[in-house]
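Worksheet: the structure to be examined is printed underneath.
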Amino acid sequence: MAPADTTMDPDSAVVAAAMADVAAAGRELAAAKQSGALGSLDRIQRDLQSAVDAARELGAGWGQIGAALGIARGNAYQRFRKKAFGWPSR
């Protein structure tokens with residue numbers, strides 16, 4: 001039996017690093033909310049959105065992003081998708 005290949009292809013490694021960034025930003029946001037550091041919430045939320053956007057551009061799925069943040073895939077999509085402007089609201 002051949003040993004298992006434990007190396008990651010470059011794309012997987014880059015996505016894994018992006019997911020680590022998403023998870024770290026999510027933890028930072030949770031800590032700020034917990035501590036009541038409301039002044040920094042806007043910046044942290046922008047950082048989290050940027051991390052999610054970067055992960056999506058690298059090919060991460062909503063399920064991966066949700067798992068990194070401890071939320072469901074659909075919740076990640078609803079919260080972080082890029083919203084189209086100019087569409088009529090219901």
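When the residues of region 63-85 are filtered to those that are in contact with a helix residue (DSSP H, G or I) (Cβ under 7 Å, 6 or more places away or on another chain) and touching a residue at least 24 places away in the same chain (Cβ under 8 Å), the one that is surrounded by the most Cβ atoms within 10 Å (Cβ to Cβ) is Ile65. Of all residues in region 29-49, those that are surrounded by fewer than 16 Cβ atoms within 10 Å (Cβ to Cβ) and closer than 20 Å to Tyr77 by Cα total 5.
When Val22, Val52, Val14 are screened for being in contact (Cβ under 8 Å) with a residue 24 or more places away in the chain and either hydroxyl-bearing (Ser, Thr, Tyr) or farther than 18 Å from Arg79 by Cα (or both), only Val14 passes.
Only the coordinates and a few stated rules stand behind these numbers; no lab work does. In this text the structure is predicted, and so the values were computed from the model without any measurement. Cβ coordinates were reconstructed from backbone atoms using ideal geometry, including for glycine residues, and neighbour counts include every protein chain displayed.
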